Amino acid sequence: MPNITANKILTIFEAMLFTLKDLKDLENDSFNKEVARTARVLLDFEEEEPGSTDWFLNLANKTMKVVLKSFRGLYVNEKELKRRLLEGDLPENVKGFFPIPVYVSSSKSDKMTIGILVHYDGRLEMFEGNDEATPETVLLVNKLLGLGGKKATVFGMHTEDVVNKIHRTGKIPKGLYVSPSRKYASGHWRVGQQRFLFSCEIDMSDVSQESDYDWKVIRIARVKKIKFRIY
């Protein structure tokens with residue numbers, strides 16, 4: 001992951017300052033009517049008394065600074081972050097904005113984002129995966145979450161050929177779906193089709209957690225402790 005200096009972080013932060021212009025843009029937001037309504041109320045106050053929205057803009061900018069420090073090397077969807085700051089009741093302090101969902105990807109041109117929940121104490125957790133996320137984004141997110149080197153036992157229900165290949169090579173092919181839940185994985189079979197349930201130990205950095213139960217292998221993964229049974 002690229003090393004970003006304090007000066008570069010500041011540059012990113014300055015480029016994403018929440019301003020009155022952003023409120024005007026979000027006033028016409030068709031994606032979220034609640035956000036548009038809140039932006040409109042703030043602008044009405046500003047029009048009646050210039051400077052009356054400074055308290056919100058200051059809080060929003062401080063919050064964005066805290067958030068951005070958590071995502072070195074990843075692109076943050078700026079508009080979505082600003083939209084989230086206007087959702088619900090406006091807080092009286094920075095802590096009140098948290099936890100806050102943030103959508104990230106490997107670059108600005110990479111539109112397939114992954115949702116990360118940021119807590120006030122700095123904790124990060126994935127809350128929304130994306131089966132179309134690029135391998136670059138998934139690897140960066142996994143590294144951000146500290147998943148590299150962590151092992152997990154996963155289960156998969158697949159055909160005899162697939163399971164035999166995994167058992168023979170000790171590797172799971174890219175694109176295969178596994179699950180941390182044995183019960184969930186066991187449900188993936190079809191009437192009249194013989195399938196094998198297998199379990200193994202996999203490195204968490206080799207999977208994209210698209211949901212709590214659907215994990216997609218993003219590269220050929222070496223696995224250990226392989227076991228299987230016929231269904």
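Annotations for the structure displayed:
- Residue count for the stretch 200-229, restricted to those that are within 11 Å of A152 (Cβ to Cβ) and hydroxyl-bearing (S, T, Y): 1
- Among the candidates R219, R168, the residue that is in a loop (DSSP other than H, G, I, E, B) and either in contact (Cβ under 8 Å) with a residue 24 or more places away in the chain or surrounded by fewer than 18 Cβ atoms within 10 Å (Cβ to Cβ) (or both) is uniquely R219.
- Within the stretch 71-125, the residues that satisfy the criterion of being small (G, A, S), touching a residue at least 24 places away in the same chain (Cβ under 8 Å) and closer than 16 Å to L139 by Cα are G73, S105, S106, S107.
- Only residues that are modelled with pLDDT of 90 or more and buried (at least 20 other Cβ atoms within 10 Å of the Cβ) were counted across the stretch 186-205, and they come to 3.
- The strands (runs of 3 or more DSSP E) located wholly in the stretch 26-136 that include 3 or more residues which are modelled with pLDDT under 90 occupy 124-128.
The values are calculated or read from the model by the stated rules, or taken from the named source; none is laboratory data. For clarity, every value in this text was computed on a predicted model and none was experimentally measured. Heads up, the Cβs are rebuilt from the backbone with ideal geometry, glycines too, and the neighbour counts pull from every protein chain shown.
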